[in-house]
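Right, one structure below, let's go through it.
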Amino acid sequence: MYSNGDRISEDNHFNDHIQHQVPVRIYLEKNHRDIGYVERVTHSFIKVNSTYYNRGLYTFVSRPGY
């Protein structure tokens, strides 16, 4: 499926992470901002830990096994 450190960006990537309960790590530029499970996916935002992150500003990385 996904390896630790794989960047994810497509709706199907995020939906896979929801379905299989794989956590994601979130970065703003190169700074770690959060880690958790994807709760919701919209065209512009990804909801993790009750916070909406703008898909255009943040980078999302798969963290299986976390």
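The values are calculated or read from the model by the stated rules, or taken from the named source; none is laboratory data. Quick caveat, the model's predicted, so the values are computed rather than measured. What goes into the accessible areas is simple: the full protein's heavy atoms, side chains included, and nothing from ligands, DNA or RNA. Shrake-Rupley method; radii C 1.70, N 1.55, O 1.52, S 1.80 Å.
For the chain, a Kirkwood radius taken over Cα pairs fed into Stokes-Einstein (25 °C, viscosity 0.890 mPa s) yields D = 215 µm²/s. Solvent-accessible surface of the range 6-62, averaged per residue with a 1.4 angstrom probe and all protein chains in place: 63 square angstrom.
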